[in-house]
Amino acid sequence: MDLEYSKFSDASKKGSWKTALLFAYQSLGVVYGDLSTSPLYVYKSTFAEDIQHSESNEEIFGVLSFVFWTLTLVPLFKYVFVVLRADDNGEGGTFALYSLICRHANVSLLPNRQVADEAVSTYKLEHPPEKRSSSRVKVYLEKHKVLHTALLILVLLGTCMVIGDGVLTPAISVFSAVSGLELSMSKEHHQYAVIPITCFILVCLFALQHYGTHRVGFLFAPVVLTWLLCISALGLYNMIHWNPHVYKALSPYYMFKFLKKTKKGGWMSLGGILLCITGSEAMFADLGHFSYAAIQTAFTFLVYPALILAYMGQAAYLSQHHHTSYHISFYVSVPESARWPVLVIAILASVVGSQAIISGTFSIINQSQSLGCFPRVKVIHTSDKIHGQIYISEINWVLMILCITVTIGFRDTKHMGNASGLAVMTVMLVTTCLMSLVIILCWNKPPAVALSFLLFFGSIELLYFSASLTKFTEGAWLPILLALFLMTIMFVWHYATIKKYEFDLHNKVSLEWLLALGPSLGVARVPGIGLVFTDLTSGIPANFSRFVTNLPAYHRILVFVCVKSVPVPFVPPAERYLVGRVGPAAHRSYRCIVRYGYRDVHQDIDSFETELVARLADFIRYDWHRSQHTSPYAEDDASHSNESSSERRLAVIGTVTFSGTPGYGIEESVEPASVSIGFSTVESVTDVIEMQAVGAGAVERRVRFAIDDDDSESDGQTKMYVQLEEELRDLMTAQEAGTAFILGHTHVETKQGSSILKRLAINFGYNFLRRNCRGPDVALKVPPISLLEVGMVYVV
């Protein structure tokens, strides 16, 4: 599906202030659900054990001062004013930063990269690299291969902590909201009611995921808006009624007084204070759903003031109540007459916040899978209209089981908060490190600017991170354990994927071998289309030679298909298919490279098969037309037949909108040349970009062409037209005969003499994951009746 790319055509619409306000309103439900519910548990987690609320109020005022400055420096200054500007074609998140870095420096570990990928419109560099001091960092990064792996591990660490947050956020949000029942029930009844009710809500939340959030998404923004207005009103009421002078505690002086009095206990309590910024990363991760102006407006003018008022109101109430009959919590500051309505709104808001992080977890796992860093899972697009709405059933049920386990196992906000805090701070530290590289490599700023950013925000986050680590035995061990487990899976899968690609690269078969196959060797051509899936972008894969060796026949139309990922969020539909010939035209063999971005959702197999055949037909028309009309590169049929020593050039085939009668023009540029040739037609025009072989003199030619039916009639007796019609007829006949999908069924094992660690990772770890996860046929949605699997043993 190519719905994701439609937002690029609407870029100009995002500029109007009315649209920005509408997006700002809609972003409340998607982006700010988690952040806006943090007042439910921040004070409760902070005062859980390390510090006590005293009559001097130094503790509560110190905590309020820390909360205010943390919210101001991290979400407002760091994210809203800096990080949100580091978007990748409008997309945000950990992978967006990694993608930007990989495009500006050669540090990517994706195996099958091509020069042609750099011609994708979304790949273009907004800030061309400079040949000055910043290039020293780039050269150093590119020179040391170990830094490429370290960078990937850093990205995977951030990804794993986001997934861990997807386990912890629903648990702590819903549990904290339901905990309001303690003020309306006896302690005996309360302890037996909160856990079952929380688990029931969590089960319902995950059970409804497969319907997609678009069915109830229109309720999300009103719920969060109502919640923000509610906590703002409560904050104002408590300030006016209990302590109008609480605003004085916003001074940084109270932070120093707090630390001076509480010492080590105050430092350890920072693990609870940092929960006030949980959900801040969502502003960046969900940037692709909205515009920068919308997210900036919503946070600056609504979310930020509402949160400050909420925390000030709670502090004002607590400053006058030092001996409450219940533990410090959000609900003690709610007037009794409003307690039940606030409880209902809080539960709804916590569900909305949980929904946002669950959807984000699905999205980031899909991105990891597209970059070869996660085992294959079945991704379901739940909406035909809303970008980014996906569902992964295996991940959904695993998250549900882990959420319920955390709720039942921890049973209190303190342990959940400690676990969630560590996960949040790790993600923020990863973002700060990656952002520093973006400032140097992508924005071309002096290293001193990046170092200042790293030291300023990194020191704040390290302070909170160190406080979280002290809670290791009190819940913080959980995200570390989850991250280690997930990173092991992701790194083993990525390592084995790279090794398999290297094996394929070293064992590919020459083109001469393919062209030599024929009746003389007992090999027959059967009707139909054979799609041979491979990771290779050139050469004949070893699995096809094994297929022909065991079954001496292959299809009349043979297509080597490579489905690959490009380090961009989206590949425009018109630039997705890269098509070329394998051997002469008479052999009827082709290569098709299908390119997806890390946020693209792959097509279902029916539309993929139909579109692939259409693109092949377009390429055939173009190729014969080029040989007839582009004189500098003209080739007659003899040259078609003789071109057996190497593969033909590849061309990007895609339909584009066209109106009017274009002229002939050549566009000159410093970069590879671009040639446009136009012919009048009332039909659609196919846009073609030719890619020569990779090399120093690589040339790109852009050709727009169309064959008018009348011209074809008048030229019908020519040799070219007859051969063109014959090739198209063969393609249509083969499509009617049926399509077979030829995939490798692989088993990977290590070489003799490999280290114990490698044998454990490959022979046990990778093969266990491969056997118990979705196969490539399921991931590609191949119908079983059309599937041909070729057994392959990879020795790596």
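The values are calculated or read from the model by the stated rules, or taken from the named source; none is laboratory data. No experiment lies behind these values; they were computed from the predicted model shown. FYI the Cβ positions are ideal-geometry reconstructions off the backbone, even for glycines, and counts take in every protein chain you see. With ligands, DNA and RNA removed, areas are computed over all heavy atoms of the protein, side chains included. Shrake-Rupley method; radii C 1.70, N 1.55, O 1.52, S 1.80 Å.
Some observations on this one:
- The label point for LEU462 and the one for ARG771, both projected 7 Å from the Cα toward the Cβ, are 4.6 nm apart.
- Rounded accessible area per residue of segment 25-495, 1.4 Å, Å²: 38
- Simple spin-label estimate for GLU118 and TYR247 in nanometres, 7 Å along Cα-Cβ: 5.7
- With the simple spin-label model, which puts each label point 7 Å out from Cα in the Cβ direction, the VAL795 to SER393 separation comes to 4.0 nm.
- Taken one residue at a time, the phi angles of segment 230-239 give Karplus couplings (6.51, -1.76, 1.60, θ = phi - 60°) of 5, 6, 5, 5, 5, x, 4, 4, 5, 5 Hz. Gly and Pro are set to x.
- For TYR590, residues with placed amide H under 5 Å, excluding near neighbours: LEU558, VAL559, PHE560, VAL582
- Three-way shape label, segment 233-311, alpha-carbon gyration tensor, a/c 1.5: oblate
- Computed over protein heavy atoms with a 1.4 Å probe, the carbon and sulfur contribution to the accessible area of segment 25-495 reaches 68%.
- For the pair PHE301 and TYR192 in one chain, pulling the backbone fully straight at 0.36 nm per residue adds 35.2 nm over the alpha carbon distance.
- Phi-based couplings in Hz for segment 566-572 (Karplus 6.51, -1.76, 1.60; Gly and Pro marked x): 10, x, 9, x, 9, 10, x
- Look at the alpha carbon pairs under 8 Å that are at least 6 residues apart: their mean separation over the length of segment 25-495 gives a relative contact order of 36 percent.
- If you plug the beta carbon distance of SER56 and PHE472 into 1/(1 + (r/R0)^6) with R0 = 41 Å, you get a FRET efficiency near 0.85.
- Using the Karplus relation 6.51 cos²θ - 1.76 cosθ + 1.60 with θ = phi - 60°, the per-residue 3J(HN,Hα) values for segment 246-258 come to 5, 4, 4, 5, 6, 5, x, 4, 6, 5, 5, 4, 4 Hz, with x marking Gly and Pro.
- Only Lys, Arg (+1) and Asp, Glu (-1) charged, at Cβ; segment 25-495 dipole about Cα centre in debye: 900
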